[in-house]
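Data block below; observations after.
Coordinate-derived values only; no laboratory data. Fair warning: this is a prediction, and the values are worked out from it, not measured in the lab. Here the Cβ positions follow ideal geometry from the backbone for every residue, glycine too, while neighbour counts run over all protein chains shown.
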Amino acid sequence: MRRLLAFVVPLLLSGGPALAATPAHPDSRYVAHATLYRQPADKLPVGVTLSSVGPGKYLTTGSTLRVRGQVLNQSDGTYQRLSARLRYSGRPFTSRGELEAYSDEKGLEPQQAGPPRLISTALQAGGQQDWSLSLPVRQMGLRTFGVYPVSVEVYNAANVVVGRQRTLVTYYPKGTVAKKTKIAWVWPIVDQPHRADNSTFVDEGLERQLGGGRLADLVTAAAGTTTPVSWLVDPSLVDDAAHMADPNGYTLKSGVQRPQIGAASSWLASLRSAIGGERLIATPYADPDVMALAQHNMSKDVKLATDPAVRTLAKAGLTGATTSVAMPPDGLADQATLAALVASGSRTILLSSAILPDAQAQTFTPNPLVRKNVSGSNVKLIAYDDTLYKVLSADMSEPGKAVLAQQRFLAETAMITGERPQQSRTVVVAPPRRWSPDPVVAKTLLNYSAKAPWLQAVPLSGVEALRPVSRTFQPQKDDSGLSGSYLRQVKDLNGRIRQFNSIFQLSDSGLALGVPRAESSAWSGQSRRGAALRQTLDTELGQAAAKVKVLNNGITLVGKSARIPITISNGLSKGTVVVKLHAYSQNDTRLRVDGIDRTLTLDAGHKDQVTLDMKASANGLAYVDLELLAPDGRPFGETRVLRVRATGYGRTALLITGVSLAVLFLGVGIRVLRRRAERAEESVD
């Protein structure tokens, strides 16, 4: 029996020779009500992808549903006589929850089935085959405006389903009366930091994104539509692009000097043009992980990153930006996160609807605006739609995924309208921070928002003017954010950078913005990359601080006391520093150092001297610590230890020396007299 099953089952699945009695062509029959199939838990052996669902954005009276795609034999064997058919239902979904369950492969397949069509007589292992199916709307039994389930089903000669793909269609018949749902987009232009300090790039990844990559696609897509969007832009990204566009070029971490990148200049020009007069929202510089900072008592860093945001964008020609609107990464927040944003000047905060759910558990999607008192301020909280966020988060690079996302987007927005067709409501769409859609898909979705008959595209300012509704704030923490141990190291580094910056007279060291770069939300879940940037910043701090230093290493003190010049150098390429020299002996009984701490102002590349009075009480080595102090009196950099060799003479030493010289002179005189006497005797003889 087991041997028989082992022989028959594969044949049933493949539709092989043992099933010669099966009708020669599945088109010879029409399946009106086929058996219900549940989606198998395991992956089906034939993959089904969709390349188009039409016509256009939705079905209407008298139209024909046309679906095209490909099948892929993912098994190790050949499939005989593969056919495909459309399964559908004449009953629309009644809720967004029902729609979501169907999209998540839960529940039953639609009961009705259209006519089958032979798509391959023999599909080899790994083989692909195009297919197309069509079905007039009048045969589908669609009656009212709504969202309907559709499934493409592929089966073999034994009528065994070997592949399936679900999707959704929206039906909007002529004469439909429904008030449009207003839809507002928040368009993200955010990346990861590409510099540690202001001067040096740590990688070359940005050039590819600006020149025809993700960031270029996002700008092009939004610029190619009439749909209004509110731009969410990271000033750090614009700052990086501006440095790459510098006519003098830029420097890589390896020390290689790169010429100006034309793509960076073009991208900045395109961004300025695309934004035009639309709303420009600036994230804090480098888009820091606000929630992680708030949870680890580092909320002040949020404000420090917010302060330069508008100024940085304006420097690159992007004027009119605001930081009064904020959207924390992933739309998640707790009370501390909200407080940190409000302290930084935010008065409108966009959050995921997952943490701002409807307080009354209604059967329809309410408006997104709610008011909340945060740290004594009356703040507007706006819920962007979490389901649409997840739809846009899907990886659309896989075959067929883009079509599914587009159909789901249309279906979700149509369901919102259909929930209460006589009551206009508003939905906010905010794609993921670092969204990477196909540019055609991104443009298509924006066009849907303006042209679908149940939607009306509006700016975010229209959402802020809505009447508040009842939503519940349910704080949610993000466990994937920056860790406490990571942030403690950043905090320590920040303290040392602030101390170093305190010596600069006008500008700073160019290291301060490295702190928000190290705190960027881009490093959430990627701690190694964040740690690498933080370590680079730490190294650059050490190298910069080492260039403001005392040059002396050792001196020789001849005599009991002397005035010794100490040379201090500012070896930095730019920046005027103000420092004091503080000197003290390690052993005052052996060597005393006198002198008032003198303030020096040193331009870049310049040196100056401070004179110290030293007095030795014994010969030999002594040590003097030389510290450079910031104007606030705190030391920075390493303490230089000066080796002082004392070679002074006391009274006894001078007496001994004098007697020795007298004896020497006396001996020389006696010798001279003797020689003269000897010469006189010789002359008498």
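Data overview
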quantity	calculated
Kyte-Doolittle mean at least 0.5, axial Cα span of 24 Å or more - DSSP H helices of the chain	651-684
Computed over the range 469-548, Cα set: Rg, Dmax in Å	16.3, 59
Violating pairs (Cα-Cα greater than 25 angstrom) within the set LYS549/LYS574; LYS106/LYS401; LYS180/LYS477	LYS180/LYS477
Hydrodynamic radius by Kirkwood, which averages 1/r over all alpha carbon pairs of the range 100-159, in angstrom	14.4
Segment GLN335-LYS574, extension gain: residue separation times 0.36 nm, minus the distance between their alpha carbons	81.8 nm
Protection-proxy order for peptides 313-322, 278-287, each taking the mean of Cβ atoms within 10 Å per residue, highest first	278-287, 313-322
Part-to-part distance (alpha-carbon centres) for the range 289-339 and the range 419-473, which is given in Å	23
Isotropically averaged projected area of the range 95-220, using the convex hull of Cα atoms (one quarter of hull area), nm²	14.8
Linear extension gain, SER527 paired with ARG488, 0.36 nm per residue minus alpha-carbon span	12.7 nm
Dimensions (Å) - the range 548-646, Cα atoms, principal axes, largest first	43, 23, 19
Beta bridges by DSSP in the chain, antiparallel share as percent, to the nearest 5	75
For GLN209, net neighbour charge (Lys/Arg +1, Asp/Glu -1) across residues whose Cβ lies under 12 Å away	-3
Rounded to whole Å, sorted largest first: equivalent-ellipsoid semi-axes of the range 387-540, Cα gyration tensor	42, 20, 16
Rg to Rh, two decimals, where the range 32-147 supplies the alpha carbon set and Rh follows Kirkwood	0.98
Contour minus Cα-Cα distance for ARG117 and ASP104 (0.36 nm per residue)	2.0 nm
Debye log10 I(q)/I(0) for the chain, one point scatterer per Cα, at q = 0.10, 0.11 Å⁻¹	-1.02, -1.14
At q = 0.15, 0.24 Å⁻¹, base-10 log of I(q)/I(0) for the range 411-492 (Debye sum, equal scatterers on each alpha carbon)	-0.83, -1.30
Cβ-derived FRET efficiency at R0 22 Å, ASP632 paired with ASP594, nearest 0.05	0.35
Projected area averaged over orientations for the range 181-464, convex hull of C-alpha atoms, nm²	15.4
Those lysines that a straight Cα-Cα span of less than 21 Å connects to LYS560, excepting residues fewer than 8 apart in one chain	LYS615
Radius of gyration and maximum dimension Dmax of the range 260-407, Cα, Å	17.8, 57
